[in-house]
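The values are calculated or read from the model by the stated rules, or taken from the named source; none is laboratory data. The structure displayed is predicted, hence computed values, not measured ones. Note that each Cβ is placed from the backbone with ideal geometry, even for glycine, and that neighbours are counted across all protein chains shown.
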Amino acid sequence: MARYTGPTTKKARALGEAIFGYDKAFEKRKYKPGQHGNSKRRKQKSDYANQLMEKQKAKYTYGLLERQFRNLFKKASSKKGVTGEVLFQLLEARLDNVVFRMGIAPTRRAARQLVSHKHIVVNGVVTNVPSASIRPGDIVGVRGKSQGLEVVRNAVASKSDVRNFGWLEFNPEKMEGKFLEYPERAAIPEKINEQLIVELYSK
């Protein structure tokens, strides 16, 4: 399935956030790309423009296509609870995101590739669908034959902030972890205003 494969720094500058992770080039130039990007004169954005930007941030951050994101929003709308918070819970429960959050992969793109190439197991079963929804209690880990991969070993060795995510637990020795519960919105670190996304789709 198609994915955004263009320049990540340019996209991050357009959206004003390092949505693909730490980016040295973005930190140097946090203004919009183009010859007028660093201009002091800025047009005031309309409500629609702000709503659209927040949706784009979420879409590119989690690596979804437009149709996937819209369908996920519909699913969130049909569930009990605050739609914006439920939307982010569903995004966080995607298999590729869980693999990234656990520190098995350095980025969500890398996590998606590990899943697609059948390096990840869910409850002992090889799963190669990045969008698979993980439920509380599910065990996610690296397939036995794949535990020696350099990219996996380096990621597990360097990624320690998984301990800050209360909805996950991870055992680096076994290279597997458990999805404990759906996180509350306040615990999710992404700087995205989900209420603007709800307003955009509610028109």
Inset, instruction - Could you check Arg135 against (1) closer than 30 Å to Tyr201 by Cβ; (2) buried (at least 17 other Cβ atoms within 10 Å of the Cβ); (3) touching a Phe, Trp or Tyr at 6+ places or on another chain (Cβ under 8 Å) and say which number it fails? - result: (2)
Inset, instruction - With the checklist (1) within 30 Å of Val198 (Cα to Cα); (2) at pLDDT 95 or above; (3) buried (at least 20 other Cβ atoms within 10 Å of the Cβ); (4) among the small types (Gly, Ala, Ser) in hand, flag the one item Gly141 doesn't pass. - result: (1)
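Only one residue in Gly63, Gly81 is at pLDDT below 95, surrounded by 14 or more Cβ atoms within 10 Å (Cβ to Cβ) and at positive phi, so which one is that?
Details: Gly81 fails: surrounded by 14 or more Cβ atoms within 10 Å (Cβ to Cβ).
None of the other options fit; the residue is Gly63.
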Legend entry - Qualifying positions in the stretch 147-184 - at pLDDT 95 or above and of a type in the set (Lys, Arg): Lys178
Legend entry - Subset tally (residues that are in a helix (DSSP H, G or I), more than 23 Å from Ile197 (Cβ to Cβ) and either among the small types (Gly, Ala, Ser) or modelled with pLDDT under 95 (or both)) for the stretch 87-110: 1
Inset, instruction - Give me a count of the residues in the stretch 163-203 that are charged (D, E, K, R) and over 30 Å from Ser46 (Cα atoms). - result: 7
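Condition check ((1) assigned by TED's automatic domain parsing to the domain that holds Phe69; (2) over 18 Å from the mean Cα position of the chain (by Cα); (3) in a helix (DSSP H, G or I)) across all residues:
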site: Gly81; (1), (2), (3): yes, yes, no
site: Gly84; (1), (2), (3): yes, no, yes
site: Gln113; (1), (2), (3): no, no, yes
site: Val121; (1), (2), (3): no, yes, no
site: Arg135; (1), (2), (3): no, no, no
site: Asn154; (1), (2), (3): no, yes, yes
site: Glu173; (1), (2), (3): no, yes, no
Inset, instruction - All but one of (1) farther than 22 Å from Ala157 by Cα; (2) at pLDDT 95 or above hold for Leu114, so report the exception by its number. - result: (1)
